[in-house]
Each structure stands twice: as structure tokens, then as C-alpha cells.
């Protein structure tokens, strides 16, 4: 029956990918229903992960409606325009840091127009900085102290003797350095290609000839009075979350009997941040419901709910079979876990959903905690199929046509930098983990 159940899971995932957007979550729920009809007991619902995502999105959306996102994008634009020659390096730095701070890769949407315009103005194909920036925004999820994927993974690692701080100590440098190495490789490829400049792109020339490409120039946005205050409130809240998580850590032991667990603390702090921004920055609560980040974040929550629940249901039902088949392989070759996570993430469309579905089983199979931490960045392989929202947004925002999806689907500009970034991050994870753990 395992093959029939696997067929149901894959069928639901492919249906969701075909429909796109929030329908991925709907298809996950359909898959659970079909499995239940076949006699499979549904697994645990990922309500802990969903709760964290929703609370973080509320804080981000409140900051956006207060003008905080406009303020951050304005800073990013100034940095990029002052250093256009280093755009391929600076673009992923900015998207990485915004995701690291916010715990969601959807913040990349706001920086894509800036990256595109600076590239056009300097005869750089926007596809290069955009592709690396999108990959950086995805992989940074595995290093963000408030992302649902990191918080969940930390909770399953702690019984294995690896704490929240140790996870971050490995994940942050390994993923950031991986993004920079990827940017360096992509720049080297461009320099070896005499026709890499934007002016040599035939699609761009065709669009330019018919007036479909425009330069908007540097934008001056009138900031709301509470824009800077909202960013400050969010940063203070982020530091509070990290400080509390540090204080209650078994490794530090400042608070031996905490009133709140880490998950509860993150949810409480994020909702408090949203409340503080609403009060101090005079944001109307109803406006938050219409914020772009709120809509995309809630859509992501439904996707995680359906897909992670489907994955957990299948894995739980066939745990013994999976252990017998994969246990020995993963123990002897722990790097194979990164390969498994890579392909699972390409189908599950969520770092949190992939971690929730597979990481506990991997540890039960005997994968060493250090190897699991090193493989963790592979849950960010959301770029394989060119249907993820940030990837599609990059394609749509590049009016030069250089960021395009080929007729063979997989020949798109995000695949190579994505594979490189995850490969570098996993290798660095093993190296840094050997020192930290």
C-alpha cells in the first residue's frame, strides 16, 4: 500500500503545483482526505509552525503599513545605486538580511524593482542579481532566529543535545557565506562570457525597440511619520526574542524554569510588536489585513498547513518501512539527507513543511544531529520548479526579458545559483559544525 499512498501524495502535490498559490495547501488537504479514505490515520497537524508564521506575518504587515518596509527599501536603493558594480553581491546581501530579520522570504518582493532598475541602468542583465537575490531570500529562512523552520528544527534537536544557539551559530555563517560564494561564481561566469552584458540580450533589444522597457530612475518615497519607529520597534522585538531564547537555553541556563517556552515567546513577542506598532505608529488595524505581506503570509500558512500535514500523515503511516529502507543508507552516508531534503522541498514548497515532515524521522533513523544541521539548508530548494511566488515575481518585474523561464521548464536562471548555494551551505555546515558541536 505504500506505493499507492505515495502516488496519492505526489498526485496532490503536482495538482497543487499546477494550480499554484494557496491552492497548494488546498491540494494538501485533499491528499490527506484521500489517504484517510484509504484507511490511513492523519498525522499531527503543524499548528505550532502555522502559529509562528501567522504571528510573525502580523508584525511584518504592521511594520509595512506603518511605512517601515518603504524605509528599508529606500536604504537598500541607496546602497545599490552607490555600488552598482557590486550589484550581484549586494542584492543577495540585502534580501538575505531582510529575510533573516523578518523570518519570511516574502520581504524580497519589495526589493526586486530596485534591483531590476539598478541593473538596467548599468547594462547588467537583471536575471543575474535577481536570481541570486531570490535564492538568498529563500536560504536565509534556515538562519533566521524567528522563522518557523528554525524554531521547529531547534525543538527537535534539543533532545539530541544541540541547542537553539548552536543551530544558529552554524546556520548563519554557512548560509551567508554560501550566498556570497554563489554570487562570486555567477560573476566569474559572466566575466568569462563576452556577451553577458544586457545589451547583448536579443529579447531585451526586441523589447527595447518596441518601447516595452522603461527606466524609472531613483524613486523618492514620502515616508509616513512612524516608518522609522516601526522598524525600531521590530528590531527591539527581534532582539528580545533572541535574548529570551538565549536565557532559557539549557546551554546558558539563566532561566531554569521558564514560564513560556520558546515557541510561545516568539508568538507573544511578535503579536506584541504588532500591537506596539499599531498604537505608537497610528496604524489602523483593518489596514493590516490588506497589506501585501499579510496576504502572501497567510497564503503561505495555508500552504504549510496542507502540505506539511500531508507529508506528516504519509511518513507517520509508513515510518517502519522508511526506517528499514533508508536507515542504513543515511547512517553510512549522512550527506544523503541533504539530497532527500532538496527533492522534498522542491515538491513541498516550504522550508517549514519540509523540516516538519522529514527532520524528526531523519533523527529517528540515526542521522547524527551535526549532519542534520549541516543538511538543513537543503530545505530551501524552492527554486527547482519555476512556480514559487518570489521566483515568479522576479520574472514578472524584469521588463527586459532577461529573467525568463525556458521552454524546458527547468532551464531558468534560478536553478544553477540555487544548487550552488545549497551545495556550498551544506559543505560549510559540515565544516563549521565540526567546530561548533
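Read-outs: derived from the displayed coordinates by stated rules, not from any lab. Just so it is clear, the model here is predicted, and its values are computed rather than measured. A quick note on method: Cβ atoms are made from the backbone with ideal geometry, for glycine too, and the neighbour counts reach across all protein chains shown.
Some points to look at:
- Cβ crowding within 10 Å, taken as a proxy for footprinting-reagent exposure, orders 320, 77, 206 from fewest neighbours to most as 320, 206, 77.
- Contact order, relative form, for the chain: 28 percent (alpha carbon pairs under 8 Å, 6 or more residues apart, mean separation divided by residue count).
- Of every Cα-Cα pair in segment 7-111, the percent that sits beyond 23 Å: 50 percent
- Centre separation in Å (Cα based) which lies between segment 388-437 and segment 111-165: 10 Å
- Burial ordering of 309, 335, fewest other beta-carbon atoms within 10 Å first: 335, 309
- Theoretical ellipticity at 222 nm over the chain - DSSP helices of four or more residues, -39500 (n - 2.57) apiece, nearest 500: -23000 deg cm²/dmol
- Note on 33, 254, 382: ascending count of other Cβ atoms within 10 Å places them as 254, 33, 382, the fewest first.
- Taking 0.36 nm per residue of separation and subtracting the Cα-Cα distance, full extension of the segment from residue 336 to residue 197 would add 46.2 nm.
- For residue 122 and residue 37, a Förster radius of 60 Å and the Cβ-Cβ distance give a FRET efficiency of 0.55, rounded to the nearest 0.05.
- Peptides 138-148, 104-114 ordered by packing proxy, namely the average of other Cβ atoms within 10 Å per residue, highest first: 138-148, 104-114.
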